Amino acid sequence: MPFDTFANPWPPREDLRITSVRAITTAPEGTPLVVVRIDTNEPGLYGLGCATFTQRYRAVVTFVEEHLARLLIGRYPGDIGDLTRLAGFSGYWRGGPVTNNAISGIDQALWDIAGKRAGMPVHELLGGKVRAAADTYLHASGRTIGETMDHAHELIAQGWRHVRLQLSTPGGGGYGAPAVPTEYPDAPYGNGWSARDYLRRVPALFEAARETLPENIELLHDVHSRLTPSEAVWLARTLEPYRLFFLEDVLPPEHWDRLPEVRAASGTPIAVGELTTSLTDAVHLVRDGGVDFIRSHVSDIGGLTPARKIADLAELSGVRTAWHGPGDTSPIGAAANVALDVTSAAFGIQEGHVYNDATHEVFPGTLRIEDGWLRPNEAPGWGIEINEVAAARYPAELSGHDAWAAGVRRPDGALEAP
């Protein structure tokens, strides 16, 4: 009888097997979300994991169902490390957001199963809490400085102690705030965006914030990978008087090797990592002295298992975590973030997102932010289910990011990093 290479490589502890692996897509807020569901031969025992790569979600679905499912079906779900390594090695070429989001969905679903089998929440499987809750930040934005301050005051009144401030910059490349017309309508590209305009406006925003907002409120800002190393140094130095909690994504990934220069030139803390697409990328940022906060999107680096390793490395390196957590993270992914937050001594801050009512309908048990704090569920696993009937009422469509990115250009027409 031929040897079955996809069978368990060693005798499992019990007769528990994976019977189905599939991807579920839904968009209750209009943003495509991908969740992997792994079923077992034990009735009612299944796990959910976040595999959301909004911009290329169909590729992730194909990867999960047509490439990885056959590696897992029949296997014992307790061998999380072996199964996720197999999923990564089997394609030969490794890394990238499609691969890693597919693996993340599997990884987190297996952790969910492990928690349900143990009758424990995932954070207890990771060693238990070192804090009661994770402090969060939300984003305040506006077309003008006054609008941004008004939005920040609203968030502060609702209980947030950390607020990210973003201001509209003229042109189609503006990020994190409402779009406003370009200042270069007669340029070769009539809706162009200028980094120099951006650099003129940001210091004024934070000068107003320190004059207007309470002194104890921590301020953050996202550059969105738009600057050169020299521009990043200038901005970090200019913002020093305003005592930012962190300045995010000052350089594009192509220039991350220059981050230690930026960090050494200013006392403004640097947060980078949203665009890491492998465990190795994140390791380099932490190990090589380029960041004060590591900002990886957990599913883009392969899930909870590699993120735990990064959190441990961050603790040993004096770096803090600030996991990416916007609306293109599913509630399962948000639960994984919080499990890391409350179990790691390296925790710094957690990006928050207030999910709408439709999302809570699709994902019963979705975490709610209370007075700026996120607490994990105490139910076994993630403590979150999925209502597939409700999910089907919110079908995913292709992301609008492609159309937006195509218009992020300088006044001369050259593409800018989105």
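Structure values in brief
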read-out	value
Residues of region 293-341 satisfying the condition of being of a type in the set (G, A, S), part of a loop (DSSP other than H, G, I, E, B) and within 13 Å of the chain's Cα centre (by Cα)	S296, G302, G303, A322, G325, G327, S330
Test result for L48, outside any helix (DSSP H, G or I), touching a Lys or Arg at 6+ places or on another chain (Cβ under 7 Å) and surrounded by 15 or more Cβ atoms within 10 Å (Cβ to Cβ)	yes
Test: I103 is β-branched (V, I, T), under 24 Å from P376 (Cα atoms), surrounded by fewer than 23 Cβ atoms within 10 Å (Cβ to Cβ) and modelled with pLDDT of 95 or more	no
Selection from region 85-102 of residues that are over 19 Å from G273 (Cβ atoms), assigned to a loop (DSSP other than H, G, I, E, B) and not hydrophobic (A, V, I, L, M, F, W, C)	S90, G91, Y92
Check on Y76, out of contact with any His (no Cβ under 8 Å at 6 or more places or on another chain), of a type in the set (F, W, Y) and at pLDDT below 95	no
Answer residue from region 106-139, given it is touching a strand residue (DSSP E or B) at 6+ places or on another chain (Cβ under 7 Å) and of a type in the set (G, A, S) and is surrounded by the fewest Cβ atoms within 10 Å (Cβ to Cβ) among those	A133
Yes/no for A232 being surrounded by 23 or more Cβ atoms within 10 Å (Cβ to Cβ), within 30 Å of F363 (Cα to Cα) and not acidic (D, E)	no
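For every residue, the table says whether it meets (1) closer than 25 Å to N337 by Cα; (2) within 17 Å of the chain's Cα centre (by Cα).
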| site | (1), (2) |
| --- | --- |
| P9 | no, no |
| V34 | yes, yes |
| I38 | yes, no |
| F63 | yes, no |
| T99 | yes, yes |
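The values are calculated or read from the model by the stated rules, or taken from the named source; none is laboratory data. These figures come from a predicted structure and were not determined experimentally. No Cβ is skipped: glycine too gets one built from the backbone with ideal geometry, and neighbour counts run over all protein chains shown.
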